[in-house]
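The values are calculated or read from the model by the stated rules, or taken from the named source; none is laboratory data. As the structure is a prediction and not an experimental result, all values here were calculated from the model. Using ideal geometry, Cβ is built from the backbone for each residue, glycine included, and neighbour counts are taken over all protein chains shown. What goes into the accessible areas is simple: the full protein's heavy atoms, side chains included, and nothing from ligands, DNA or RNA. Shrake-Rupley method; radii C 1.70, N 1.55, O 1.52, S 1.80 Å.
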Amino acid sequence: MTHDATLSSLTGLDLRPLEQRLRGTLLRPGMATYDSARQLMNRAVTRRPAAIAQVADSQDVVEVVRFARDRGLPLGVRSGGHSPAGYGMVDDALVVDLSGMKRVTIDPDARLARVEAGVTSGELAAFAQPHGLAISTGDTSSVGFGGLATGGGIGFMVRKYGLTIDNLIAAQVVTASGKLVTASEQEHPDLFWAIRGGGGNFGIITEFIVRLAEVRQILGGDLVLPASREVIRGYLDYVADAPEGLTTIAHLMHAPPAPYIPEARVGEVVLSILVTWVGDESEGQRAVAPLRALAEPVADTIAWMPYPAIFNFTAHQAVPICHAIRSVLTHEVSDEVVDAALEAVERANSPFSLVQFRGLGGAMARVGREATAFAHRDARYMVTLLALWMDENEDATPHRAWIEAVWPAIRATGTGVYVNFLEEEGHERIRQAYPLPTLARLAEVKRTYDPHNMFRFNQNIAPAMSA
Ligand SMILES: Cc1cc2nc3c(=O)[nH]c(=O)nc-3n(C[C@H](O)[C@H](O)[C@H](O)COP(=O)(O)OP(=O)(O)OC[C@H]3O[C@@H](n4cnc5c(N)ncnc54)[C@H](O)[C@@H]3O)c2cc1C
């Protein structure tokens, strides 16, 4: 059966046979929690699925996939709901919602964790901390493991421990045929390769087995510097070649009214550098010194702290608001790009809109280009434009126009893009997420595991044509 079904096939469809087989809950329009369940992190996206299956376990996922497959129904997948494109909800479709699957089991001796897809970065960090363990995930506590760890996972410790997927040992995957399989180096290795960067194209992952690192305390915090071309240049020149224990995420933005920003400086254009150092504290102080020396800080909150405390500095990002995004991975950030970013932030029409710079390299770059579907291993930076606004009823046009004005300058510098930082930007941009040989291999794996493109509400990779 093909999967071209639209609203007409779901309207009036008897969902009771599915409901009876689920341990979780099937929500339909009009039910009390339907509206809260369909809300996404990006408030600019509003979708109304025909039904939301809030699954309780892997078997529930199997049931939903088989139900959808047998009837040719459109099927969406949601874990944490943070897709910039809002792919976590699909109009008129049946959506599998894994956000309630939150079991984490840690084997501290083996330093392994079994993590269900609905677990968030913050929850996992808090769970692993008492064992003195952690894994590098994203920069925001509320991001779901399901979407993060299928796209890559560029986190607070990426230079020290690589991408989240670089620490993936195995995953439980429900394929389009409705089978629950293990993907690992030993079992279904082609699928294991593809789910490490290929996004949600190959099946629904219910559980990940990941390797944790020994991380108890970090040197972390927010170093806020006055923004200028020299400061940004100095930051960029240092961070991609800094000692590997140091990972940074910098935001060129208007200084927020955070408790540690002097009142008189709120609203000033600043470079807010989120610092995570893993290792010896005094070595960390030495690694951070060149950043501190770039300018007299507006604020300096860098301190020795438990790893999960770093998420306190991004707590505002875990609140749903409206956003539009454009992003590149790149080898170099020229002075022209720095100037364009500075000018864009200075004249931004929203006080929240910003340009993000991340220094990459380190452990992430040492993994072979062919080892996983995330292949842009040699990118030294990620540069991201983020238009942010609070009210979903506000006209998005000026915010999108702000992005479009500066995007050509940033885009020109790109050598690729991180699939999880794509909005709905068309096939050409998905192609930029993968070098051509990677894309061809992904299309082959797609043909094997999802030949009818059941999992297509995502940064979609079409199945390779039959020979
Ligand atoms: C505020 C914010 C901060 C972010 N920071 C970072 C960061 O620091 N580093 C980083 O790497 N990324 C970051 N991201 C991007 C994030 O990794 C992606 O948006 C990711 O897709 C979110 O996963 P989710 O489960 O929350 O999303 P969802 O919207 O629930 O899912 C998105 C898509 O992922 C796929 N998917 C989800 N769950 C599964 C599953 N269980 N099995 C198979 N496919 C699945 C599906 O195609 C789904 O439509 C950030 C996003 C936001 C909004």
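Restricting to segment 89-122, give me the number of residues that are of a type in the set (D, E, K, R), farther than 20 Å from ILE204 by Cβ and assigned to a strand (DSSP E or B). Number of matching residues: 1. Within segment 197-210, the residues that satisfy the criterion of being touching a strand residue (DSSP E or B) at 6+ places or on another chain (Cβ under 6 Å) and either outside any strand (DSSP E or B) or closer than 30 Å to THR247 by Cα (or both) are GLY200, GLY203, ILE205, THR206, GLU207, PHE208, ILE209, VAL210. Keeping to segment 344-385, report how many residues are open to solvent by 30 Å² or more (accessible area, probe 1.4 Å) and in contact with a His (Cβ under 6 Å, 6 or more places away or on another chain). Number satisfying all stated conditions: 2.
Mind checking whether some residue in segment 55-64 is open to solvent by less than 60 Å² (accessible area, probe 1.4 Å), closer than 30 Å to ARG400 by Cβ and outside the structural domain of THR140 (by TED's automatic domain parsing)?
The initial filter retains those residues of segment 55-64 that are open to solvent by less than 60 Å² (accessible area, probe 1.4 Å), namely 55-58, 60-64.
Cutting the leftovers down to closer than 30 Å to ARG400 by Cβ gives us none.
Within segment 55-64, not a single residue is open to solvent by less than 60 Å² (accessible area, probe 1.4 Å), closer than 30 Å to ARG400 by Cβ and outside the structural domain of THR140 (by TED's automatic domain parsing).
Scanning segment 143-163 for residues that are more than 10 Å from the chain's Cα centre (by Cα) and under 29 Å from ILE461 (Cβ atoms) turns up PHE156, MET157, VAL158, ARG159, TYR161, GLY162, LEU163. Between ALA51, ALA113, ALA126, the distinction of being out of contact with any Phe, Trp or Tyr (no Cβ under 7 Å at 6 or more places or on another chain), at pLDDT 95 or above and open to solvent by 10 Å² or more (accessible area, probe 1.4 Å) belongs to ALA126 only.
Just to check your reading of the model, which residue among GLY221, GLY200 is in the same structural domain as LEU148 (by TED's automatic domain parsing) and buried (at least 23 other Cβ atoms within 10 Å of the Cβ)?
Values: GLY221 fails: in the same structural domain as LEU148 (by TED's automatic domain parsing).
Selected residue: GLY200, the only one of GLY221, GLY200 that is in the same structural domain as LEU148 (by TED's automatic domain parsing) and buried (at least 23 other Cβ atoms within 10 Å of the Cβ).
Out of the residues in segment 56-81 that are in a loop (DSSP other than H, G, I, E, B) and out of contact with any strand residue (DSSP E or B) (no Cβ under 6 Å at 6 or more places or on another chain), state the one that is farthest from the ligand (Cβ to nearest atom). Going through the qualifying residues, I end up with GLY72. Of all residues in segment 130-150, at least one satisfies being of a type in the set (Phe, Trp, Tyr), under 29 Å from ASN42 (Cβ atoms) and near the ligand (Cβ under 8 Å from one of its atoms). All told, GLU244 meets the bar of being open to solvent by 50 Å² or more (accessible area, probe 1.4 Å), in contact (Cβ under 8 Å) with a residue 60 or more places away in the chain and touching a helix residue (DSSP H, G or I) at 6+ places or on another chain (Cβ under 9 Å).
Between ALA183, ALA171, ALA176, the distinction of being under 24 Å from GLY118 (Cα atoms), part of a loop (DSSP other than H, G, I, E, B), modelled with pLDDT of 95 or more and within 15 Å of the ligand (Cβ to nearest atom) belongs to ALA176 only.
Restricting ASP91, ASP107 to those that are more than 9 Å from the ligand (Cβ to nearest atom), acidic (Asp, Glu) and within 18 Å of GLN39 (Cβ to Cβ) reduces the list to ASP91.
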